[in-house]
Amino acid sequence: MAVVTKQSPEGGNDVSPTPPPLPGPTTNCRRKGLFVMNNGSVTKGESTAMRNMWDNLFDGGFRADVTITTDNGGIIYAHAAVLGMASPVLRGLLKQAKGSGRKRSISIPGVQHDAVRVFIRFLYSSCYEQEEMKELVLPLLVMSHAYVVPRLKQICEQQLEDGLLTLENAVDVFQLSLLCDAPRLALISHRMILRNFKAVSATEGWNAMKKSHPLLEKEILESMIYEENIGKEKIRESNEQKIYLQLYEAMEALIHICRDGCRTIGPCDKDFKEDQKPCTYAACKGIELLVRHFAGCKLRVPGGCIHCKRMWQLLELHARLCADPSLCRVPLCLNFKEKIKKQGKKDEIKWKMLVKKILSIKRIGGEPFFVSLNSISS
């Protein structure tokens, strides 16, 4: 094809035409039923026209050859070609359906008429109204699964996840998600039930489930107890971790005070400057006060003073963590090392477990003054 150019005022053909705009991004089928055109783009007017055409075909029933009967005598007219292409299950029903001439009749029982109408309409134009989805999402989920319409099933699941899942329908959604093979939706609804058990157990859906599926109620209650136990176990482990971390910091502060010196307590050969920087050890202040009390306490026996008893325990814990007592400057470290050798097996196991947990919190910063985790394990 020859390229058409715009003539210049002088009569020449040296001015190129304005290039056409680049095609927009490809538009996939969304909830409003947009259809992809050949060039990958679609305009709002075109999509609306195509939607209206399919809606008119369904609403008008032009040359409809299928009659769908619903509960309470409801009738919906449709086209076998559309139903057969949209759902393999409906295609099978149409092959078995009886009728006069080309007219056939099928039945969709157990679902309210409005839900069936919205379902059939979706098979035509892939469209739905948000208000209808909000009201009929559960029966639409069931029909999309039963008649194998994966697109509608995906939309129903997404709508429930995005806000249509509530405390009132959580139990119903959980049961239907199990029946309709929707594991993600089952997990989300199950979590909602466990998080809001008191409110959910007072709903009509819960009372209905107790009568119709008592085993399912039992499973939910068992999972509720399991979740509570898991929560308590996590709280207990968290509290233990905090205690081990405090002991770890206490050991670091004790080494720091006795080896490097801090504020008014430390090695006797250290001179402290007035402009000394603030201590960076979190437990230094508490250990410092404990050491000062221990040095001046007149009782100073493990059972006579609670503060001294704690200091004795910290000194023994340090001795078990210390790798080289001959170079250690912590008081009584070597004495406790000798005492540990004479200790009973039961006490030895308890102390080893404590030391192992403290070392596993994080690596001791005072290495090589502390033993390694491998030596404790062995």
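Please treat every number below as a calculation from the coordinates, not as lab data. Values in this document were obtained by computation on a predicted structure and should not be read as measured data. For neighbour counting, all protein chains shown are included, and Cβ atoms are generated from backbone atoms with ideal geometry for every residue, glycine included.
Longer than 23 Å from Cα to Cα, which of Lys298/Lys341; Lys134/Lys198; Lys242/Lys352 are they? Say none if no pair is.
Lys298/Lys341; Lys134/Lys198
Could you pull out the trypsin sites (Lys or Arg not before Pro) across region 45-127 that fall in loop regions by DSSP (anything but H, G, I, E, B) with no more than 10 other Cβ atoms inside 10 Å?
Counting only loop positions with at most 10 other Cβ atoms within 10 Å, the trypsin sites (Lys or Arg not before Pro) in region 45-127 are Arg63, Lys98, Arg102.
Pull out the extension gain between Leu354 and Arg184, defined as 0.36 nm times the separation in residues minus the alpha carbon to alpha carbon distance; nm, one decimal.
Full-extension gain reported as 57.0 nm.
Suppose every K and R has +1 on its Cβ and every D and E has -1 on its Cβ; what is the size of the dipole of region 209-256 about the Cα centre, in Debye to the nearest 20?
Computed about the Cα centre, the dipole is about 300 debye.
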